[in-house]
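To keep things clear, I will list the structure first and then write my remarks on it.
Laboratory data are not the source of any read-out in this text; all were calculated from the coordinates shown. Since the model is a prediction, treat every value here as computed from it, not as a measurement. Ideal geometry is used to build each Cβ from the backbone, glycine not excepted, and the neighbour counts take in all protein chains shown.
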């Protein structure tokens, strides 16, 4: 795991993690009201619907999404979509659950599980030779109200140097 001070939206990477929760509203949208999730919603207004559908189908887990799906189609990435096509820079987003419900504090055990799932995706997913730099905002340390000094020792042994933890 590397650490840098950077802006998630300006930094070039193969994929960018969006810290999320697992609460899907009655309209099918994932709650994305503040922090990185709120920024993602402002940039990609369809993302709450796409992510909400994916969470309803798969649970509150780490999941990849293509930018063109977020901006124009309402479905999550799956293996059949990558055949023969390498993604362009900044084309991929990954949900990284830090909370079960939006109004709770972040859950350190969920963050640890998400870190393992992220590495599984990077190591064994269809992106394994493609994703060399994945950005992750300090999980749970903004609106999740955790301290980085408590989160870092939990995720650092899990994440390798392809994962770049960013802070402003």
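What to note about this one:
- Scanning segment 117-156 for residues that are touching a helix residue (DSSP H, G or I) at 6+ places or on another chain (Cβ under 9 Å), in a helix (DSSP H, G or I) and surrounded by fewer than 16 Cβ atoms within 10 Å (Cβ to Cβ) yields one hit, 150.
- Among the residues making up segment 7-26, those that are touching a helix residue (DSSP H, G or I) at 6+ places or on another chain (Cβ under 8 Å) and either in contact (Cβ under 8 Å) with a residue 60 or more places away in the chain or closer than 14 Å to residue 48 by Cα (or both) are 8, 17, 18, 19, 20, 21, 22, 24, 25.
- Some residue of segment 26-34 being surrounded by fewer than 19 Cβ atoms within 10 Å (Cβ to Cβ), over 19 Å from residue 167 (Cα atoms) and in contact with a strand residue (DSSP E or B) (Cβ under 7 Å, 6 or more places away or on another chain): no
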